[in-house]
Amino acid sequence: MLPDNETRVKMYRTMLTSRHMDDRIMELYYKDKTPVFDIAAGLIPGEIHSSHGQEACAVGTVFVLGQEDWITAAHRPHHTAIARGICVKKILCEIMGKANGLSAGRGGHMHLYSKEHKFCSSGIIAEGMGPAAGMALASRMQGKGGIGVCYLGEAAVNQGAWHEVMNMAGVYKLPFICVIEDNNWGVSVSKAASTAIARNSDRATSYNALGLYVDSNDPDDIYNKMTEATEYARSGKGPVILELKTYRLQGHMLGDPQHYVPEEEKLAFRDCTIDYKNKLVNEGVITESEADSIIADIKNEVDEAVEFAIKSPLPDAQNALTGNFV
Amino acid sequence: MNMSNNRVLTMARAGREAVKWEMENDKNVFMLGEDVYKFGGVFGTADGLGEIFGADRILDTPISETGFIGLATGAAIAGMRPIVELAFADFIGVCYSAIVNLAAKHHYLSNGEFKVPMVLMLGSGGGYNNGGQHSQALHACLAHMPGMKVIAPSNAYDAKGFMHAAIRSDDFVVYMGQKRTSGVGFFGAPIPDSMSEIPDEPYTIEFGVARTVKEGTDVTVVAISWAVHQAMDAAKELEKEGISVEVIDPRTLVPLDRESIINSVRKTGRLVVADEDYQSYGFTSEVIASVIESEPNVFKSAPIRVANPDTTIPYSRPMEQQVLPTSARIKQAILDVMK
């Protein structure tokens with residue numbers, strides 16, 4: 001099922017929110033790390049895996065989900081969290097390690113959580129698989145009707161956890177979807193160099209799952225296939241692998257020189273926020289000037305959130321020592 | 001409590017009784033893991049529960065430890081209370097990340113937004129010639145990591161009370177049962193003192209409260225799990241030689257009842273710590289360090305560790321006995337600390 005025009009505009013706005021947030025993070029990140037790059041320096045320390053280029057994968061899938069559904073996001077979680085409707089201010093505060101962040105500074109950018117949004121994340125590759133399948137199992141045991149969705153990259157499919165959990169999801173016929181955002185690179189190792197087959201959705205055969213593939217990085221196409229995926233998962237037939245071809249525009253992490261990516265591949269990179277805007281304008285869903293004002297609105301909203309986060313207080317250092325147990 | 005019926009149970013039966021009661025009284029409690037549905041768990045904790053509760057609540061898993069511990073973590077986050085059977089403690093090697101990076105970290109990293117009320121059951125220890133990959137205690141590999149409570153009961157009364165407490169806890173709890181104390185048939189006759197008279201009613205035991213197994217005045221022996229029984233054998237023998245040994249079983253490694261241990265050493269001035277796990281960076285070192293940090297001048301002689309001397313556990317009987325914290329080794333350590 002294709003999204004209606006109202007949903008398409010919302011998806012576009014959400015993609016822009018994620019993109020502009022990542023743009024601002026990138027700007028602040030580098031500003032504090034110039035001329036000498038020190039990963040520990042500045043307002044935003046640590047690794048940042050930005051979602052530049054993959055925003056379509058988040059909106060096209062998350063917009064199909066309901067409040068009853070569970071999500072585990074990957075080490076690259078910004079676009080997924082924003083598509084789920086988690087407060088941008090709280091996300092930014094967490095990324096800046098502030099006291100009013102999602103986890104009051106205990107988590108950081110790879111560990112975004114929101115109970116209200118049934119949203120978890122994990123920085124270790126493929127380790128969101130088990131929890132998302134467990135959330136699917138719990139939903140079924142409790143008769144709540146929710147499904148579990150795990151987001152990860154194509155390189156995660158080579159982890160043992162991925163295969164163990166896909167098999168269990170197949171054995172138990174869990175209402176579970178694994179969304180693979182295939183950006184072709186696991187840090188510096190290409191998919192061709194790491195993966196024995198061309199399409200990871202073909203692995204569905206091994207796990208009695210439904211395998212779906214979208215090659216366009218287009219939110220409408222993704223939304224359409226995700227609708228099919230959720231209908232299948234909710235029907236009790238078993239798990240789904242939804243493989244999405246996408247692009248990693250800023251490397252594995254900010255500061256990644258990407259010298260290992262062939263020039264011709266970089267030239268072929270597509271920017272889904274530009275492609276989708278052009279599509280919506282060409283189809284008459286929005287006008288060029290409406291697109292401009294949407295972009296201006298989103299920038300204002302995100303800039304305000306950035307200012308809010310910058311002004312927010314750091315946590316009391318003593319908070320490090322509590323919270324391991326209930 | 002009703003103790004009138006004189007039911008003496010093994011640790012495995014006592015733990016099973018707690019699991020059964022909790023499953024009858026809380027529909028969110030379920031068990032998953034290796035060989036639980038028909039086999040009843042390798043160590044008998046689920047014996048017969050498959051027939052009672054069915055395959056959906058006593059859920060057999062593939063041999064996919066990373067997968068099912070991750071799955072249990074997600075189920076716990078989503079409101080269930082899973083009990084996970086991992087058979088041998090040695091197998092944490094294939095799923096350590098799921099234990100320490102998922103189950104143990106989600107509560108802290110989410111700033112308490114998500115709880116992980118989950119129990120991980122492990123069969124630990126050796127002494128029955130099962131070789132180097134099925135005989136390890138590995139207490140420290142778990143207790144070292146933040147975010148999980150680690151309990152290692154030594155007797156059936158504690159096994160039942162801690163199992164109730166573990167299942168009801170909103171924290172992630174690792175429940176380590178030593179195989180030779182379990183009383184499961186193929187691991188040999190249970191150690192008599194590991195069996196207890198068990199009340200019919202459910203009851204809980206507070207984590208982090210040590211039990212003084214035997215009072216004494218000359219030496220404090222702190223021992224955990226199977227080593228408690230070895231320590232008691234040594235203490236009883238030395239009693240005849242006029243040495244008064246106090247034996248303390250902390251029962252939980254995390255939280256550790258440091259105060260009770262320190263109080264005992266204040267009284268005796270001598271300390272021996274016995275544990276089946278590897279010596280370096282382990283439970284024995286932690287106990288001694290805790291006492292020294294608190295009471296550096298209390299010792300009449302240097303404390304002694306009786307643990308696995310940092311070697312892979314050998315198969316052959318005389319060699320395995322050499323590396324276990326047997327009563328003979330503990331007895332010698334007590335004599336040495338008395339010099």
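The values are calculated or read from the model by the stated rules, or taken from the named source; none is laboratory data. All values reported here derive from a predicted model rather than from experimental measurement. Ideal geometry is used to build each Cβ from the backbone, glycine not excepted, and the neighbour counts take in all protein chains shown.
For region B:177-202, how many residues are under 27 Å from B:Pro117 (Cα atoms) and either within 14 Å of chain A (Cβ to nearest Cβ) or buried (at least 24 other Cβ atoms within 10 Å of the Cβ) (or both)?
Residues meeting the conditions: 6.
Give me a count of the residues in region A:115-136 that are at the interface with chain B (Cβ under 7 Å from one of its Cβ atoms) and in contact with a Gly (Cβ under 9 Å, 6 or more places away or on another chain).
Number satisfying all stated conditions: 10.
Name the one entry in B:Val306, B:Val337 that is more than 21 Å from B:Arg251 (Cα to Cα), outside any loop (DSSP other than H, G, I, E, B), at pLDDT 95 or above and touching a Lys or Arg at 6+ places or on another chain (Cβ under 6 Å).
Being more than 21 Å from B:Arg251 (Cα to Cα), outside any loop (DSSP other than H, G, I, E, B), at pLDDT 95 or above and touching a Lys or Arg at 6+ places or on another chain (Cβ under 6 Å) holds for just one of B:Val306, B:Val337, which is B:Val337.
Could you please let me know if B:Tyr108 is at pLDDT 95 or above, surrounded by fewer than 23 Cβ atoms within 10 Å (Cβ to Cβ) and at the interface with chain A (Cβ under 7 Å from one of its Cβ atoms)?
Criteria met by B:Tyr108.
Out of curiosity, is A:Ala193 surrounded by fewer than 20 Cβ atoms within 10 Å (Cβ to Cβ), hydrophobic (A, V, I, L, M, F, W, C) and assigned to a helix (DSSP H, G or I)?
So A:Ala193 fits the description; yes.
Which members of region A:159-169 meet the condition of being in contact with a helix residue (DSSP H, G or I) (Cβ under 6 Å, 6 or more places away or on another chain) and more than 8 Å from chain B (Cβ to nearest Cβ)?
Scanning region A:159-169 gives A:Trp162, A:Met166, A:Ala169.
Residue by residue, here is whether (1) touching a residue at least 24 places away in the same chain (Cβ under 8 Å); (2) within 20 Å of B:Thr61 (Cβ to Cβ); (3) in contact with a strand residue (DSSP E or B) (Cβ under 7 Å, 6 or more places away or on another chain) holds:
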| position | (1), (2), (3) |
| --- | --- |
| A:Asn167 | yes, yes, no |
| A:Phe176 | yes, yes, yes |
| A:Trp185 | yes, no, no |
| A:Asp221 | yes, no, yes |
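Condition first: aromatic (Phe, Trp, Tyr) and surrounded by 20 or more Cβ atoms within 10 Å (Cβ to Cβ). Now tell me which residues in region B:203-226 satisfy that.
Within region B:203-226, B:Phe207, B:Trp226 meet the criteria.
Within region B:32-61, restricting attention to residues that are closer than 22 Å to A:Gly143 by Cα and without any contact (Cβ under 8 Å) to a residue 24 or more places away in the chain, which residue is nearest to the chain's Cα centre (by Cα)?
So the residue we want is B:Gly50.
Select, from B:Arg266, B:Arg251, the only residue that is of a type outside the set (Ser, Thr, Tyr), in contact with a strand residue (DSSP E or B) (Cβ under 7 Å, 6 or more places away or on another chain) and either surrounded by fewer than 17 Cβ atoms within 10 Å (Cβ to Cβ) or assigned by TED's automatic domain parsing to the domain that holds B:Lys331 (or both).
Of B:Arg266, B:Arg251, the one residue that is of a type outside the set (Ser, Thr, Tyr), in contact with a strand residue (DSSP E or B) (Cβ under 7 Å, 6 or more places away or on another chain) and either surrounded by fewer than 17 Cβ atoms within 10 Å (Cβ to Cβ) or assigned by TED's automatic domain parsing to the domain that holds B:Lys331 (or both) is B:Arg251.
When region B:2-11 is examined, which residues are found to be surrounded by fewer than 16 Cβ atoms within 10 Å (Cβ to Cβ) and part of a loop (DSSP other than H, G, I, E, B)?
Of everything in region B:2-11, those that are surrounded by fewer than 16 Cβ atoms within 10 Å (Cβ to Cβ) and part of a loop (DSSP other than H, G, I, E, B) turn out to be B:Asn2, B:Met3, B:Ser4, B:Asn5, B:Asn6.
Restricting to region B:294-339, count the residues that are closer than 20 Å to B:Leu138 by Cβ, surrounded by 15 or more Cβ atoms within 10 Å (Cβ to Cβ), touching a helix residue (DSSP H, G or I) at 6+ places or on another chain (Cβ under 7 Å) and among the β-branched types (Val, Ile, Thr).
Count: 3.
Give me the residue from region B:269-293 that is of a type in the set (A, V, I, L, M, F, W, C) and surrounded by fewer than 17 Cβ atoms within 10 Å (Cβ to Cβ) and, out of that set, farthest from the chain's Cα centre (by Cα).
B:Ile292
Just checking, which of A:Ser139, A:Ser201, A:Ser188, A:Ser194 is within 26 Å of A:Val59 (Cβ to Cβ), more than 8 Å from chain B (Cβ to nearest Cβ) and among the polar types (S, T, N, Q)?
From the options A:Ser139, A:Ser201, A:Ser188, A:Ser194, the qualifying one is A:Ser201.
Return the residues of region A:1-50 that are in a loop (DSSP other than H, G, I, E, B) and among the polar types (S, T, N, Q); say none if nothing qualifies.
A:Thr34, A:Ser50
If I ask for residues that are touching a helix residue (DSSP H, G or I) at 6+ places or on another chain (Cβ under 9 Å) and not hydrophobic (A, V, I, L, M, F, W, C), which ones from region A:116-130 would you list?
A:His117, A:Lys118, A:Ser121, A:Ser122, A:Gly123, A:Glu127, A:Gly128, A:Gly130
Could you grab me the full set of residues in region A:225-238 that are touching a residue at least 12 places away in the same chain (Cβ under 8 Å) and surrounded by fewer than 18 Cβ atoms within 10 Å (Cβ to Cβ)?
A:Thr227, A:Glu228, A:Arg234, A:Gly236, A:Lys237
So which residues in region A:86-119 are without any contact (Cβ under 8 Å) to a residue 60 or more places away in the chain, touching a His at 6+ places or on another chain (Cβ under 7 Å) and among the hydrophobic types (A, V, I, L, M, F, W, C)?
A:Ile86, the sole residue that qualifies.
If only one of A:Phe308, A:Phe325 is touching a His at 6+ places or on another chain (Cβ under 8 Å), more than 14 Å from A:Leu16 (Cα to Cα), at pLDDT 95 or above and surrounded by 16 or more Cβ atoms within 10 Å (Cβ to Cβ), which one is it?
A:Phe325
I need the helices (runs of 4 or more DSSP H) fully contained in region A:239-326, keeping only those with at least 2 residues that are over 30 Å from A:Asp4 (Cβ atoms) and free of Cβ contacts under 8 Å to residues at least 24 places away in the same chain.
A:263-267, A:288-311
Only one residue in B:Glu65, B:Glu34, B:Glu51 is modelled with pLDDT under 95, of a type outside the set (S, T, N, Q) and over 22 Å from B:Ala156 (Cα atoms). Which one?
B:Glu34
Look through region B:76-93, keep the residues that are free of Cβ contacts under 8 Å to residues at least 40 places away in the same chain and at the interface with chain A (Cβ under 8 Å from one of its Cβ atoms), and return whichever of them is nearest to the chain's Cα centre (by Cα).
Out of the qualifying residues, it is B:Ile77.
Is it fair to say B:Thr204 is under 16 Å from the mean Cα position of the chain (by Cα), outside the structural domain of B:His139 (by TED's automatic domain parsing) and within 30 Å of B:Val19 (Cα to Cα)?
yes
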